[in-house]
1. Kindly evaluate ASP96 against the criterion of being in contact (Cβ under 8 Å) with a residue 12 or more places away in the chain and either within 19 Å of ASP196 (Cβ to Cβ) or small (Gly, Ala, Ser) (or both).
2. Please report, ordered by residue number, the strands (runs of 3 or more DSSP E) entirely within the stretch 24-138 with at least 2 residues that are surrounded by 24 or more Cβ atoms within 10 Å (Cβ to Cβ), among the hydroxyl-bearing types (Ser, Thr, Tyr) and in contact with a Ser or Thr (Cβ under 9 Å, 6 or more places away or on another chain).
3. Only residues that are under 24 Å from MET1 (Cβ atoms) and of a type in the set (Val, Ile, Thr): list them for the stretch 50-79, please.
4. Report, ordered by the first and then the second residue, all pairs with beta carbons closer than 7 Å, sequence separation of six or more or different chains, a first member in the stretch 6-34 that is more than 13 Å from TRP49 (Cβ to Cβ) and without any contact (Cβ under 8 Å) to a residue 60 or more places away in the chain, and a second member that is part of a strand (DSSP E or B) and of a type in the set (D, E, K, R).
5. Which ones in the stretch 1-13 are among the aliphatic types (A, V, I, L, M), loosely packed, with under 15 Cβ neighbours inside 10 Å and modelled with pLDDT of 95 or more?
6. Please list, ordered by first then second residue, the pairs with beta carbon atoms under 8 Å, 6 or more apart or interchain, first in the stretch 178-204 and farther than 12 Å from TRP162 by Cα, second part of a loop (DSSP other than H, G, I, E, B) and modelled with pLDDT under 95.
7. Restricting attention to the stretch 149-208, which residues are in a strand (DSSP E or B), among the hydrophobic types (A, V, I, L, M, F, W, C) and in contact with a Pro (Cβ under 9 Å, 6 or more places away or on another chain)?
8. For residues that are in contact with a strand residue (DSSP E or B) (Cβ under 6 Å, 6 or more places away or on another chain) and either over 15 Å from VAL102 (Cβ atoms) or of a type in the set (Ser, Thr, Tyr) (or both), tally how many sit in the stretch 125-143.
Amino acid sequence: MSDLIIENLTIHNLTPQGGSQAEALRLQDCDRCVVRDAELLSLQDTLLWSGRLYADNCTIAGNVDFVWGTGAAYFNRCEIKTVGRSGYIVQARNGDAGYGYVFVDSRITSDAGITGNTLARIDVSQYPSSHVAYINCTLGSHISRAGWTITGGSPPRTLRFWEYQSRDADGRLIDTSGRIAGSTQISAEQAAMMRDPAIVLGGWTPPR
């Protein structure tokens, strides 16, 4: 599938918590695909995306690995909301040949009372080159001090759990001194690269 555009649409998977994987939007091998002005709601595995995808001004809600897959996806000005219970936002199973899931100017929010959430998790014994980046995003207080979850061994140099100038709801830079080993506060130059969809998406510039 290629050159698909989905916009002005709400998709809500009503599978209850613990029922099963419950994708709201599954786009696999989707090249140059755009999702714009959409609400994508579920609990576990809300999005399963692989290929080259661009999301703009979307609300994406879930709680367990609710953005996951093997592709490169760029999220611009989206709300990424944890609902119902604490969990993990992203599981990126990509290799070292390109980039993974990149969130730019987005809001990372949650239902009231949720704590201990992490931005992503990965088993490095299986996916040692996982790539997830949050660039100039606003993080809610539900995100743990550690920020990320790494299992399966010590994080290798190939792991790319990146963050740049995360801020709280009042616009203050977040103290990231407690982030776990293996995650990286990247440079302004690296962040500028991640802000360019064409770099993240292998040369493709999505239509505005």
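The values are calculated or read from the model by the stated rules, or taken from the named source; none is laboratory data. Only a predicted model underlies this, so the values are computations on that prediction, with no experimental measurement involved. Ideal geometry is used to build each Cβ from the backbone, glycine not excepted, and the neighbour counts take in all protein chains shown.
1. no
2. In the stretch 24-138, no matching strands (runs of 3 or more DSSP E) lie anywhere.
3. THR59, ILE60, VAL67, THR70
4. Taking only residues 6 or more apart or on different chains, the pairs are GLU7/ARG36; THR10/GLU39.
5. Result: LEU4, ILE5, LEU9.
6. The qualifying pairs are GLY202/GLY98.
7. Residues satisfying the conditions are PHE161, ALA181.
8. 7
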